[in-house]
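Every read-out reported here was derived from the displayed coordinates using simple, explicitly stated rules and does not represent laboratory data. What you see is a predicted model; the values in this text were computed from it and never measured.
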Amino acid sequence: MLLNYGMVEATGSPESVITEEMIRNVYGVNARVTIDDEGIPQVIPINSVRRCGSGK
């Protein structure tokens, strides 16, 4: 389950919920998401897509 300000944004398995698109849309961060040998998503932040002071 992925929450956005306390609201459910997505449900499902970690690998189906923790995606680059979802991280960008919910958290405003470009990130690389890979799946490790045990099937656990690894999130590597790259940069923010939000402007400073915009609040979004």
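Things worth noting here:
- Options (i) 10.9, 30; (ii) 17.3, 49; (iii) 12.0, 39 - which one matches Rg and Dmax of the Cα atoms in Å as calculated here: (iii)
- For the chain, adding -39500 (n - 2.57) for each run of n ≥ 4 DSSP H residues and dividing by the number of residues yields -5000 deg cm²/dmol at 222 nm.
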